[in-house]
Every structure is written in structure tokens, then in C-alpha cells.
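The values are calculated or read from the model by the stated rules, or taken from the named source; none is laboratory data. Here the structure is a predicted model, which is why all the values come from computation and not from measurement. Positions of Cβ are backbone-derived with ideal geometry, glycine not excepted, and every protein chain shown enters the neighbour counts.
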Amino acid sequence: MPHAGTLSIAHLHKQYEVKGRALPVLEDITLTIAPGEFVSIVGASGCGKSTLLRLVVGLEEDYRGEILLDGKRVAGTSLQRGIVFQEHRLFPWLTVEQNIRLALLNLPGSTAEKERSVAEHIALVGLRGFEQAYPHQLSGGMSQRVAIARALVTRPEILLLDEPFGALDAMTRAYLQQELHRIWQAEGITMILVTHDVEEAVFLGDRVVVMEPRPGRIRRVVPVDLAHPRERAGLPFAGVRDAVLREFAGQVPTAQPELAPA
Ligand SMILES: Nc1ncnc2c1ncn2[C@@H]1O[C@H](COP(=O)(O)OP(=O)(O)O)[C@@H](O)[C@H]1O
Ligand SMILES: [Mg+2]
């Protein structure tokens, strides 16, 4: 059953106060994401990608501009929007099943329904047989699968992923990218993936949003008109990847302004 949500970000500005000075972090971000779309976001470290996700998920509420989901202003966190971070943030003293079930704790539904939903989501992320395992018994990739299941078990309309595979080795990462694609297709929900890996962005995204830093802005949105399953080794793939990489040319990494001596 597809869940869906149209996310509409318009003229979003965000700044932090650092040592009494205003640090502009995001400037005039405008982006509309269709229900069921997969959007990748790439950009240099510090260009505000995580801040953007925190704003969309509702963890930060101090901003100018508009963030609307299904026409309604995003205010505070909500089960409509799930998030997965680079670190899995699982409770070490709970099993896989318990970690996922915890997300349903305060929600309506019978115990039997919740158990069924937890079991379905364990199957969805390919972890059948590991229900009773503890986080320390899992590999990094398996832990991220649990984090994805936990974020999806509440049936959000949008799943936000902040460099979810950033700490994994290349082979595990490539495998989980395929898995995430399968999960996205199975769930039919909107996904927004922040990554520093251009290949990952192109492999998964319907569009790749390239950001540039100081302050964080959208530099270009590159459409990825390639059928799935995508062949990373092929020329068409390389063409899109190069189009994204070209947007990084001329972006000079410099020290973070807020770390410079006042
Ligand atoms: N809570 C905060 N207070 C002050 N500055 C912050 C805070 N969070 C992030 N920043 C600054 O905002 C900028 C963007 O950060 P972030 O969104 O984490 O970037 P990215 O995820 O693209 O690396 C950086 O310069 C960072 O230092
Ligand atoms: Mg970040």
C-alpha cells in the first residue's frame, strides 16, 4: 500500500547564533518533492545537509520560509516523517525486535497487530532470524537495517536518511543501496537521502540535488533518467555521475567560518 506525501520547501533560510554572531547556514532553499519520489542530496561537508533534514523532520523549528507536507506546515516531529542517522542509535540492552517495537509504544493498535507489523518490517529489511539478537551481535550494515525498520514501522510518509551508509565498507554499502532501493519500491514512500557518495546518490535518486556551502544553497538539481536496476559500470550512469561531479568543480573547500578566530 503506497503511502505518500508531497513535501514543499520554499524560500527556506536558516541561521545559527555562534559566539553572538549570526551564521547563515541555509539560504533560500526551494524544492518540491513529489509523493513517492527518491531525492538524493549531495554537497560539501558543512553545507547544511543535516540541518535541512533536521528542519524537515521537525527537530529544529527556528527558520524562515516554508516547509509544507501535504500543504500543512511542518511543526515539531511527527510520525509522518521518519529519520535514519549515520549511527544506528539502537538501544544496546534491547533486542532487534524490542528496538523496533519501541517505536510503536505509544501508538494505538493491539499487541498482536504491533507484533505482526514488527515481524513484517524485520522481513522487509531482510533480518528474519535475527529478532532476538542484540545490537552488539550485529554488523554495522545489519544495525542500519534495524534502524531503517524502526523508522518505517510507524508507517511514515517520508523517510529521511542522513548518510546512513557512511560508516560502512564499500561492499556492504553497495549491497545496502540495492536493499534500500528494493525497500523504497516495496513501500512506495518518499525518501530523501543525504550522502557524500555521488555514486550512491545517482544509483538511488530520481534527482540529485547538489548543494554548495557558505551559506548552504542549491547549486543544481540533476535529473537521473536511468531505468532500474541501474548499472554502475555503464556509460549512461557515468554520464550522470560526471554531470553531478562537474557541479563540484570550482567549489573550494575552506575552513569553517565559525571555527576561525573571532
Ligand atoms: N547547533 C548548531 N549550532 C551552530 N552551528 C551549527 C549547528 N549545527 C550545525 N551548525 C553549523 O551549520 C553548518 C551546517 O552544518 P550541517 O547541517 O551539519 O552540514 P552538513 O550536514 O552538510 O555537513 C556548519 O557550518 C555547522 O558547523
Ligand atoms: Mg551532515
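Out of all the residues in the range 195-214, which are within 13 Å of ligand 1 (Cβ to nearest atom), at pLDDT 95 or above and either in a loop (DSSP other than H, G, I, E, B) or closer than 22 Å to ASP70 by Cβ (or both)? Passing the criteria: THR195, VAL209. Please determine, by comparing only the residues of the range 243-262 that are away from ligand 1 (no atom under 12 Å from the Cβ) and surrounded by 12 or more Cβ atoms within 10 Å (Cβ to Cβ), which one is modelled with the lowest pLDDT. Top of the filtered list is GLN251.
A quick yes/no check of all residues on (1) away from ligand 2 (no atom under 16 Å from the Cβ); (2) closer than 30 Å to SER139 by Cβ; (3) exposed (fewer than 15 other Cβ atoms within 10 Å of the Cβ):
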{"site": "VAL18", "(1), (2), (3)": "yes, no, yes"}
{"site": "THR30", "(1), (2), (3)": "yes, no, yes"}
{"site": "GLY43", "(1), (2), (3)": "no, yes, no"}
{"site": "LYS49", "(1), (2), (3)": "no, yes, no"}
{"site": "ARG81", "(1), (2), (3)": "yes, yes, no"}
{"site": "VAL84", "(1), (2), (3)": "no, yes, no"}
{"site": "LEU90", "(1), (2), (3)": "yes, yes, no"}
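Based on this model, can you work out whether ARG116 counts as surrounded by fewer than 13 Cβ atoms within 10 Å (Cβ to Cβ) and more than 29 Å from THR6 (Cβ to Cβ)? Yes; evaluated as a whole, the condition is true for this residue.
The criterion of being buried (at least 20 other Cβ atoms within 10 Å of the Cβ), free of Cβ contacts under 8 Å to residues at least 60 places away in the same chain and farther than 19 Å from HIS196 by Cα does not hold for ILE158.
Quick one: which residue in ILE33, ILE67, ILE29, ILE83 is in contact (Cβ under 8 Å) with a residue 60 or more places away in the chain and more than 16 Å from ligand 1 (Cβ to nearest atom)?
Being in contact (Cβ under 8 Å) with a residue 60 or more places away in the chain and more than 16 Å from ligand 1 (Cβ to nearest atom) holds for just one of ILE33, ILE67, ILE29, ILE83, which is ILE33.
If you filter the range 57-73 down to residues that are over 15 Å from VAL25 (Cα atoms) and within 16 Å of ligand 2 (Cβ to nearest atom), you find that the one that is surrounded by the most Cβ atoms within 10 Å (Cβ to Cβ) is VAL57.
Restricting the search to the range 202-238, which residues are touching a Leu at 6+ places or on another chain (Cβ under 7 Å) and among the aliphatic types (A, V, I, L, M)? Of everything in the range 202-238, those that are touching a Leu at 6+ places or on another chain (Cβ under 7 Å) and among the aliphatic types (A, V, I, L, M) turn out to be LEU204, VAL209, ILE218.
Contact map, the range 211-239: first residue within 22 Å of LEU176 (Cβ to Cβ), second residue more than 16 Å from ligand 2 (Cβ to nearest atom) and in a loop (DSSP other than H, G, I, E, B), Cβ cut-off under 7 Å, separation 6 or more or different chains; pairs are VAL224/GLY205; VAL224/ASP206; PHE237/LEU226; PHE237/ARG230; PHE237/GLU231.
Filtered by the rule that a residue be aliphatic (A, V, I, L, M) and assigned to a loop (DSSP other than H, G, I, E, B), the range 18-63 gives ALA34, ALA44, LEU59.
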